[in-house]
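Shown next, in structure tokens, is the structure this report addresses.
The values are calculated or read from the model by the stated rules, or taken from the named source; none is laboratory data. Model, not experiment: these values are computed from the prediction. Neighbour counts run over all protein chains shown; Cβ positions are idealised from the backbone, glycine included.
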Amino acid sequence: MKLRSENLLQTELAKIKHLCALDWELITAHTVYYTHGYHPYSAKYIPQIPNRLISTFSDKNDLILDNFVGSGTTLVESKVMGRNAIGVDINPLACLISKVKTTVIKKPAMREISHFLVSLHSDIVHLRRNTTLSSLGEKKPIDSPVIEKLHPNIPKWYHENVIYELVVIKTKINAVRNTEVRDFLLVAFSSLLRSVSNTTSGFGNLMINKNAPPKNRIFEKFSLAVANMLQSVADFSTVATNSKVTIFKQDSRKLEFINDESIDFICTHPPYMAAVPYAEYQKLSLWWLGYSQYDLEKSLIGGRRSRPDTPQRFFRDMEMSLLEMKRVLRKKKYCCITIGNPIYGGKTWKLNEFIKQNAIQIGFTHLKEISRGKYHSTMGKMKEEFVLIFRNE
């Protein structure tokens, strides 16, 4: 890979040459180590990307910002490498997942989780005994305030027996007083909501499979999710440092809560315009956890996908985000943006060129663009992905 050296200091040249020599397609890379595999999340970037960038452009105890934090990949890697980190996202589910993925669960909390599962099992046994279908197909009703508050679309997406068990699990979780434990269990709960639903298999917009086979053993699947997460967090705890991670449910266009020139390095992965409908993919979790899918769609960068001016709104919102990124980043420090070129409206949008041009216009120096080659997207909505490296002037 040929490297142009203008605008590069000697130390920068060595760092970037090293990065350019690496394999960035990472097709066979293991990507769910530590807590990275807690919860499925649409279009997230693999942890090897922020790991390489953080280790190259920051030092221990530096303050890292990811202002499109998603499922917290950057934050987990920062925690492992001894960097303090701030994560920002307007999506409440993203904030919940990121918080749990970066939290070390200590032994007292682990014991509480184990006791929770034992007690929950008793509730499930009672439920199964008292909600058995009779010969007439009648089911004894379950009395729970959660049932009354369910999103009206939920019955379309789940078999009735699944709803009953999910309600018992969710009701039990809601009663947990320890916030750390409750959030951990909520993420485990959310992680299985699609797999036990009546959705069609594969990826893309969620669609109901009217011929979906009955699902069962929901409690057992939840228990397995919890067990896997406990094993993952045990592994994570052996490498996690005492660095501080702070997560804000805020708008990346308005970072007033971050001081000017207080960030040592920005490592982020913005959304792919409207090519990836995050709120649509996550709607089952949003419904069950009590979040508004509609409100999230309105607040995302670019706004609702159904609007004809979505690309223009996305570009405007990204310009505002770039201005805030420049404001909070220290002078002569670095910003790395990983972005894909999506297919939307039958057209490939070169977001890498848009971000480069706008970043340069507001005063960043563009140092290098690294291509990851063909982007291996499960959704088939991306042609290429790039890592853009900037220095703040």
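Summary of values
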{"read-out": "Filter result (within 19 Å of Arg194 (Cβ to Cβ) and not hydroxyl-bearing (Ser, Thr, Tyr)) within region 25-49", "value": "Val32, His36, Gly37, His39, Pro40, Ala43, Lys44"}
{"read-out": "Residues that are at pLDDT below 95 and assigned to a loop (DSSP other than H, G, I, E, B), drawn from region 340-375", "value": "Gly345, Gly346, Trp349, Lys350, Tyr375"}
{"read-out": "Top-ranked residue in region 65-103 [being over 14 Å from the mean Cα position of the chain (by Cα) and assigned to a helix (DSSP H, G or I); ranked as farthest from Asn242 (Cα to Cα)]", "value": "Ser78"}
{"read-out": "Given (1) more than 22 Å from the chain's Cα centre (by Cα); (2) modelled with pLDDT of 95 or more; (3) surrounded by 17 or more Cβ atoms within 10 Å (Cβ to Cβ), index of the condition Ile337 fails", "value": "(1)"}
{"read-out": "Segments classed as helices (runs of 4 or more DSSP H), wholly inside region 135-197, with at least 3 members that are modelled with pLDDT of 95 or more and within 21 Å of Pro92 (Cβ to Cβ)", "value": "160-174, 179-191"}
{"read-out": "So Lys17, is it assigned by TED's automatic domain parsing to the domain that holds Cys95 and not in a loop (DSSP other than H, G, I, E, B)", "value": "yes"}
{"read-out": "Test: Ile97 is in contact with a His (Cβ under 7 Å, 6 or more places away or on another chain), in contact (Cβ under 8 Å) with a residue 12 or more places away in the chain and farther than 22 Å from Cys335 by Cβ", "value": "yes"}
{"read-out": "Yes/no for Asp89 being surrounded by fewer than 22 Cβ atoms within 10 Å (Cβ to Cβ), touching a residue at least 60 places away in the same chain (Cβ under 8 Å) and acidic (Asp, Glu)", "value": "no"}
{"read-out": "Odd one out for Tyr38 among (1) surrounded by fewer than 16 Cβ atoms within 10 Å (Cβ to Cβ); (2) in contact with a Lys or Arg (Cβ under 6 Å, 6 or more places away or on another chain)", "value": "(1)"}
{"read-out": "Residues that are within 30 Å of Met110 (Cα to Cα) and either touching a residue at least 24 places away in the same chain (Cβ under 8 Å) or surrounded by 17 or more Cβ atoms within 10 Å (Cβ to Cβ) (or both), drawn from region 204-227", "value": "Lys215, Asn216, Ile218, Phe219, Lys221, Phe222, Ser223, Ala225, Val226"}
{"read-out": "Cβ-Cβ under 8 Å pairs, at least 6 apart or on other chains, region 237-266 side more than 23 Å from Gly82 (Cα to Cα), far side modelled with pLDDT under 95 and not in a loop (DSSP other than H, G, I, E, B)", "value": "Asp251/Ser299; Arg253/Asp317"}
{"read-out": "Yes/no for Tyr45 being farther than 19 Å from Leu329 by Cα, at pLDDT 95 or above and part of a loop (DSSP other than H, G, I, E, B)", "value": "no"}
{"read-out": "Selection count, region 243-263, where residues are part of a loop (DSSP other than H, G, I, E, B) and more than 21 Å from Ser299 (Cα to Cα)", "value": "6"}
{"read-out": "Count of region 2-25 residues which are at pLDDT below 75 and surrounded by 11 or more Cβ atoms within 10 Å (Cβ to Cβ)", "value": "4"}
{"read-out": "Tally of residues being farther than 19 Å from Ile389 by Cβ and either buried (at least 21 other Cβ atoms within 10 Å of the Cβ) or of a type in the set (A, V, I, L, M, F, W, C) (or both) across region 42-62", "value": "1"}
